[in-house]
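Notes follow the structure.
Bear in mind that the values in this text are calculations on the coordinates, not laboratory data. A quick note: this is a predicted structure, and the numbers were derived from the prediction, not measured. Note: ideal-geometry Cβ built from the backbone for every residue, glycine included; neighbour counts use all protein chains shown.
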Amino acid sequence: MQTTQTFKKYKPYPLVPLSHREWASNVITGAPIWVSTDLRDGNQALVEPMNATKKLAYFQKLVEMGFKEIEIAYPSASQMDFDFCRMLIEQNLIPEDVRVAVLMPSIEKHIRKTFEAMSGAHKVTMHLYNPTADNQRKIVFDKSKAEIIALAVEGTRIIKEEAAKFDGDVMFQYSPESFSQTELEFARDVVNAVISEWMPTKNAPMVINLPNTLEACTPNIYADRIEWMSKQMLERDAVILSVHPHNDRGCAVASAEMAILAGAQRVEGTLLGNGERAGNVDLVTLAFNLYSQGIDPMLDIYNIDTILQEIITLTHSSIPPRHPYVGSMIYTAFSGTHQDAIKKGMEHQKVSLDGYWHVPYLIIDPKDIKRDYRDVVRINSQSGKSGVAYVLKEFYGIETTKNMQIEIALEVQKLCDEKGIEVNAEEIFKVFRQMCKL
């Protein structure tokens with residue numbers, strides 16, 4: 001059969017000329033600066049965007065979780081976003097230790113409108129962006145490299161002018177919006193032109209954000225790009241290097257982790273990865289990945305089920321059952337071999353004296369996020385004697401011999417085959433009672 005070989009129309013992503021790669025030998029030792037973009041990037045990706053009441057409830061949940069930087073709106077593009085900014089400021093709803101961010105294109109009227117929206121805010125990040133990729137320069141904007149740099153510098157100049165008149169604390173952030181598709185040398189030139197215009201200092205740093213706006217390369221190449229840019233930037237000690245990974249290839253979490261290894265100090269993302277197209281990096285998964293390595297994530301993830309339940313109610317979204325850490329099935333084992341290992345691991349954990357987590361197949365202790373061990377082992381036709389024994393002991397305090405476990409497991413498997421679905425603890429106990437003639 002003849003194939004069309006349509007894959008040939010795609011070019012391989014270019015490698016990075018990094019002769020002394022350092023990130024691959026680095027280790028993450030602390031949490032990055034977390035930035036939630038749920039209320040902007042996440043909200044625009046919803047089928048039914050949140051109204052002001054829901055956005056406020058979501059904002060308060062983010063504050064409750066411990067986010068100190070929250071991107072709240074694109075106020076120059078939407079009256080609803082403009083009004084939301086005014087409501088937060090005028091009603092004094094932004095905690096003193098929280099910095100809010102707003103996005104704007106490098107267009108004068110949008111910049112001035114954004115400052116109008118944020119008048120009275122105590123701590124704000126003014127986030128300027130303009131597309132820089134070759135295909136956007138040529139196809140969408142019909143601008144040369146010099147014109148793109150001039151556009152970024154002019155936007156920076158206007159923000160600098162407005163910031164001088166602003167009463168609050170203004171942090172400046174610049175994103176070459178299509179960094180992932182921008183030639184590295186040109187990305188460096190744009191970024192350095194902006195840095196030179198703003199002139200940050202160690203005491204008054206700025207943010208350079210390098211988005212994986214379209215995830216088109218493997219995470220290691222993204223890390224190479226971040227390290228290369230980090231080494232090429234002017235005033236590096238006065239720049240907070242930030243990343244904004246999307247998930248088009250399903251690798252956003254890995255890209256973010258490798259970017260941190262490569263020098264990124266700040267990560268923008270959303271809870272559960274909600275965002276345009278395939279979504280943004282999932283900050284919940286990223287935070288738990290740090291937690292599982294003995295690192296304080298600096299976010300309150302201990303009541304995560306309660307928080308996420310409120311979030312999905314506000315957004316009309318859902319959590320896949322196998323979603324890392326927070327899915328309903330993520331700590332559940334049906335396999336007999338897995339159940340046997342978990343059962344033995346749980347017994348070992350009770351007598352372990354070193355204070356570390358040793359249980360096979362469970363990356364973290366479910367109790368750390370208020371999950372019950374009773375959810376860990378569930379019984380279907382694929383389960384074995386250890387799973388049945390675990391259920392009887394955990395639910396009813398019944399210790400069983402190995403011979404008894406084998407006999408009960410066979411009867412339970414027959415019951416599962418008859419029903420075609422899993423059986424619950426009460427049904428297993430009923431089988432036990434019948435076999436023991438209780």
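The table below gives the values:
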{"quantity": "Rel. contact order, % - alpha carbon contacts under 8 angstrom, at least six apart, region 55-182", "calculated": "25 percent"}
{"quantity": "Gain in span if fully extended, Asp97 to Ala24, counting 0.36 nm per residue against the direct Cα distance", "calculated": "22.8 nm"}
{"quantity": "Unit charges at the beta carbon, dipole of region 13-315: most positive-side option, Ala77, Ser196, Pro297", "calculated": "Ser196"}
{"quantity": "Ellipticity estimate at 222 nm from DSSP helix runs (n ≥ 4, -39,500 (n - 2.57)) divided over the chain, nearest 500", "calculated": "-12500 deg cm²/dmol"}
{"quantity": "Relative frequency of Cα-Cα separations exceeding 23 Å in region 30-133, percent", "calculated": "22 percent"}
{"quantity": "Cut-off under 5 Å, modelled amide H: who pairs with Ser328 long-range", "calculated": "His323"}
{"quantity": "For q = 0.10 Å⁻¹, Debye-computed log10 I/I(0) when each Cα of region 13-315 counts as one equal scatterer", "calculated": "-0.51"}
{"quantity": "For Asp38, net neighbour charge (Lys/Arg +1, Asp/Glu -1) across residues whose Cβ lies under 10 Å away", "calculated": "+1"}
{"quantity": "Residues Trp34, Trp23, sorted so that the one with the fewest Cβ neighbours within 10 Å comes first", "calculated": "Trp23, Trp34"}
{"quantity": "Size of electric dipole in region 13-315: Cβ of Lys, Arg +1 and of Asp, Glu -1, about Cα centre, debye, nearest 20", "calculated": "440 debye"}
{"quantity": "Distance between region 1-71 and region 92-143 - C-alpha centres, whole angstrom", "calculated": "18 Å"}
{"quantity": "Normalised alpha carbon radius of gyration of region 177-218 [divisor 2.2 N^0.38 Å]", "calculated": "1.33"}
